[in-house]
Amino acid sequence: MSQQQQPTETSLKALPYVPQEGASDSPAGADSSLLSSVTLDHLGPIVVGTDGSMQRISNWDKLTPSEQANTMRVISKRNNARLEKLRAEMDTTGEQAAKQEEL
């Protein structure tokens, strides 16, 4: 039988500080760079699939700025249409479930 190794105080790692909603002060010694927001614009837009799945364009960084602008325009329009359709389907499904509960 092998014995499980117990964690020691030196091997334990602390989780980073996460401010509570509405809290503006950080704990003493907290790294302010950990508390800033992160942008992922360099990864390109998120593409919404017909089933609601999401993915990114794998070659976004290889597209020229004009190709990126055109792709962004097309994907934005298509994403909005797909999300609208998915929301309508959810509303319809919710209404049908509510009617069945009433019976």
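Identify all residues within the range 32-44 that are surrounded by 12 or more Cβ atoms within 10 Å (Cβ to Cβ) and either part of a strand (DSSP E or B) or free of Cβ contacts under 8 Å to residues at least 24 places away in the same chain (or both); write none if there are none.
Across the range 32-44, the qualifying residues are L35, L43.
For the range 45-70, give me the residue count where each residue is open to solvent by less than 80 Å² (accessible area, probe 1.4 Å) and either in contact with a Gly (Cβ under 8 Å, 6 or more places away or on another chain) or part of a loop (DSSP other than H, G, I, E, B) (or both).
10
Return the pairs, sorted by first residue and then second, in which the second residue is of a type outside the set (D, E) and open to solvent by 60 Å² or more (accessible area, probe 1.4 Å), the first residue lies in the range 58-87 and is under 17 Å from V48 (Cα atoms), the beta carbons are less than 9 Å apart, and the residues are 6+ apart or on different chains.
From the range 58-87, the pairs are W60/H42; W60/L43; I75/I46; N79/I46; R82/T50; K85/T50; L86/T50.
The values are calculated or read from the model by the stated rules, or taken from the named source; none is laboratory data. This is a predicted model, so every value here is computed, not measured. Reconstructed Cβ throughout: ideal geometry from the backbone, glycine too, with neighbour counts over all protein chains shown. Accessible surface areas use protein heavy atoms only, side chains included; no ligands, DNA or RNA. Shrake-Rupley method; radii C 1.70, N 1.55, O 1.52, S 1.80 Å.
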